[in-house]
Amino acid sequence: MQDVILIALRFVAFNLAKVLCHFLLEMMKASKSNFYAYNTQLQPFANELRHNMTKAEVCLWKFVLSKKQLKGYTFRRQRPVLDFIADFMCMELMLIIEVDGITHWQEEVVIKDEHKENALRQAGFRVLRFDDEEVLNDMENVVRELEGVIAELENDRVKEVLPPPTPASGGYFFWGGFSFF
């Protein structure tokens, strides 16, 4: 009898834990109200990483992401998010860019990267990954890919903001003094 009760209690505890995890993940959606899931406890480590960036990270930062060089968007480097530190983050686009060196090919690091990417996506971020070699040897293609993703994200945001045209208006709608088909 005690075994049955113990099994039932484990089942209830397991399901309660699943519900609680789901609830916490939903609450942890990154947004302006929670400063995009900023983790203050990781700030000292992020500061250290900011001062010890890899050559590829420095190049991407200096030539593409700093000073609003990429389509006028502000990127932050080594940004604490959830329980991770993102290499680069644009809050406005909810975009995270990771630059992976050779250590990211190790199996245990690949598993950690997958976990990090899944958690960031569940929080609402779009995650892009580039290898060090890509950044150092083919920056034009990296920039082209970034611009393409940013265009997608901008297009998605416009779709969220603009209402669809109504048949009563003949397919036109007005927004901010402009008419659209």
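Coordinate-derived values only; no laboratory data. None of these values were measured; they are calculated from a predicted model. Every residue, glycine among them, receives a Cβ derived from its backbone with ideal geometry; neighbour counts consider all protein chains shown.
What to note about this one:
- Some residue of segment 72-92 being among the hydroxyl-bearing types (Ser, Thr, Tyr) and either touching a strand residue (DSSP E or B) at 6+ places or on another chain (Cβ under 7 Å) or on the phi > 0 side of the Ramachandran plot (or both): yes
- Residue in segment 96-110 that is surrounded by 13 or more Cβ atoms within 10 Å (Cβ to Cβ) and more than 23 Å from Val58 (Cα to Cα) present: no
- 1 or more residues without any contact (Cβ under 8 Å) to a residue 60 or more places away in the chain and in contact with a Phe, Trp or Tyr (Cβ under 8 Å, 6 or more places away or on another chain): qualifying strands (runs of 3 or more DSSP E) within segment 81-155: 84-90, 95-100
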